[in-house]
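A.B. asks: The following block contains the structure, expressed as structure tokens.
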Amino acid sequence: MEYCIFTEPQQGASYDTIVAHAQRAEQLGFHAWFRSDHYLVMGDGDGLPGPTDAWTTLAGLARETSTIRLGTLVSSATHRHPGILAVQVAQVDQMSGGRAEFGLGTGWYAREHEAFGIPFPDKRFGMLEEQLAIVTGYWATPDGATFSFEGDHYSLVDVPALPKIVQDRMPVIVGGGGPRRTPEIAARFATEFNIGFRSIDGFRDVLENLDRVCADEGRDPATLKKSVAWPTVVGRDAAEIARRCAAVGIDPEGDHDEELVGTPAQVVERLAALGELGVDRVYLQTVDMTDLEHLDLIAADVLPQLA
């Protein structure tokens with residue numbers, strides 16, 4: 001499996017903190033560094049000194065890292081017009097030398113939209129599907145040609161399909177746990193399907209359903225990378241686990257079925273179980289971005305046992 005770091009800067013992080021976190025992940029050999037696309041803190045925190053913008057952040061990291069892949073898990077279809085989004089992501093791909101990855105979802109955080117005055121329609125799957133059609137069509141448009149699109153939500157007319165992405169194909173990540181609509185959209189547009197915050201049995205159920213939907217859509221499920229995201233807390237002993245749980249609002253005495261919490265040996269066992277399910281990539285959600293020693297511990301005591 002590929003092991004990626006996924007974090008939530010809206011919970012409180014400056015750009016300098018973000019850079020230090022991503023650079024440490026790169027130094028330690030993690031495959032990718034991903035961030036959420038949110039502007040408003042969740043829960044009881046104050047979110048200071050945020051907020052930060054996801055694609056502005058990734059543009060900076062494109063120039064301040066050199067090997068680690070960079071992306072969003074996931075951008076919200078409500079936050080940006082797809083014509084502009086296609087330009088932003090392609091530019092980050094150029095700035096990084098072809099290391100950008102693009103996750104897109106419907107958006108869900110109603111309070112965030114209210115706070116920033118972002119429209120939040122009740123029905124958003126149509127927006128998501130059209131955005132994916134636009135950005136993937138835009139990036140696939142040959143040199144010298146223009147791109148047009150006419151849909152229920154968006155219209156583009158003879159737009160120059162520039163800048164070009166560096167990669168032959170931009171990795172496109174679609175995720176969710178719905179039984180039909182999300183896996184159908186993923187089967188049509190995505191290179192990766194992501195499942196978030198479930199138990200091992202929950203991940204298995206979604207993956208089995210994904211295979212059925214892919215078959216219905218005429219997509220070979222083997223061509224769709226499968227990934228999961230797990231809130232992650234690793235500690236050498238109970239005291240270290242409790243300290244890290246407290247820092248990110250996880251109950252250290254909980255059952256942790258839908259979280260990755262424990263000693264290195266316990267975490268290795270659960271990650272190995274994901275591999276047995278056919279998971280190709282795991283996003284380790286590490287919310288406390290000032291705790292760089294957490295990344296060090298995972299890299300030193302967990303990943304070598306999974307190689």
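The values are calculated or read from the model by the stated rules, or taken from the named source; none is laboratory data. Note that this is a predicted model, so its numbers are computed, not measured. When we count neighbours, we look across all protein chains shown, and the Cβ atoms used for this are built from the backbone with ideal geometry, even at glycine.
A.B. asks: List the helices (runs of 4 or more DSSP H) that sit entirely inside region 18-116 and contain at least 1 residues that are touching a residue at least 24 places away in the same chain (Cβ under 8 Å) and β-branched (Val, Ile, Thr).
C.D. replies: 54-64, 82-96
A.B. asks: Working carefully through the options 25, 62, 32, find the one that is out of contact with any Cys (no Cβ under 9 Å at 6 or more places or on another chain) and either modelled with pLDDT of 95 or more or farther than 16 Å from residue 5 by Cβ (or both).
C.D. replies: The conditions single out 62.
A.B. asks: Can you tell me which residue in region 240-283 is surrounded by the most Cβ atoms within 10 Å (Cβ to Cβ), limited to those that are among the β-branched types (Val, Ile, Thr) and assigned to a helix (DSSP H, G or I)?
C.D. replies: Filtering first and then ranking leaves 267.
A.B. asks: So, one more: Test residue 210 against the stated conditions and say whether it is at pLDDT 95 or above, more than 19 Å from residue 178 (Cα to Cα) and in a helix (DSSP H, G or I).
C.D. replies: no
A.B. asks: In addition: Based on what the data block shows, is residue 184 touching a His at 6+ places or on another chain (Cβ under 6 Å) and assigned to a helix (DSSP H, G or I)? Write out each step before concluding.
C.D. replies: Numbers: touching a His at 6+ places or on another chain (Cβ under 6 Å): no; assigned to a helix (DSSP H, G or I): yes.
So residue 184 does not fit the description; no.
A.B. asks: Just to verify a result, which residue in region 97-149, among those that are in contact with a Phe, Trp or Tyr (Cβ under 7 Å, 6 or more places away or on another chain) and surrounded by fewer than 13 Cβ atoms within 10 Å (Cβ to Cβ), is farthest from residue 226 (Cα to Cα)?
C.D. replies: In this case the residue turns out to be 116.
A.B. asks: Right, here's the next one. Mind counting the residues in region 228-239 that are out of contact with any Cys (no Cβ under 8 Å at 6 or more places or on another chain) and crowded, with 16+ Cβ neighbours inside 10 Å?
C.D. replies: Residues that pass the stated criteria total 7.
A.B. asks: Of the residues that make up region 215-226, is at least one in a strand (DSSP E or B) and within 27 Å of residue 68 (Cβ to Cβ)?
C.D. replies: Checked against the condition, which is being in a strand (DSSP E or B) and within 27 Å of residue 68 (Cβ to Cβ), region 215-226 yields at least one hit.
A.B. asks: Okay, moving on. Checking residue 165 against (1) out of contact with any Asp or Glu (no Cβ under 6 Å at 6 or more places or on another chain); (2) buried (at least 17 other Cβ atoms within 10 Å of the Cβ): exactly one of these is not met. Which one?
C.D. replies: Against the list (1) out of contact with any Asp or Glu (no Cβ under 6 Å at 6 or more places or on another chain); (2) buried (at least 17 other Cβ atoms within 10 Å of the Cβ), residue 165 comes up short only on (1).
A.B. asks: On to the next question. Considering 260, 274, which residue is closer than 18 Å to residue 34 by Cα, in contact (Cβ under 8 Å) with a residue 24 or more places away in the chain, out of contact with any Asp or Glu (no Cβ under 6 Å at 6 or more places or on another chain) and not aromatic (Phe, Trp, Tyr)?
C.D. replies: Values: 274 fails: closer than 18 Å to residue 34 by Cα.
The match here is 260.
A.B. asks: Among the numbered criteria (1) of a type in the set (A, V, I, L, M, F, W, C); (2) over 15 Å from residue 103 (Cβ atoms); (3) under 17 Å from the mean Cα position of the chain (by Cα), which one does residue 206 miss?
C.D. replies: So the condition that residue 206 fails would be (3).
A.B. asks: Let me ask another. Here is a check on your reading of the model: is residue 185 out of contact with any Phe, Trp or Tyr (no Cβ under 7 Å at 6 or more places or on another chain), of a type in the set (A, V, I, L, M), modelled with pLDDT of 95 or more and farther than 25 Å from residue 137 by Cβ?
C.D. replies: no
A.B. asks: Looking for something over 23 Å from the mean Cα position of the chain (by Cα) and either part of a loop (DSSP other than H, G, I, E, B) or free of Cβ contacts under 8 Å to residues at least 12 places away in the same chain (or both) - is there at least one such residue anywhere in region 129-142?
C.D. replies: Scanning region 129-142, I find at least one residue that is over 23 Å from the mean Cα position of the chain (by Cα) and either part of a loop (DSSP other than H, G, I, E, B) or free of Cβ contacts under 8 Å to residues at least 12 places away in the same chain (or both), so the answer is yes.
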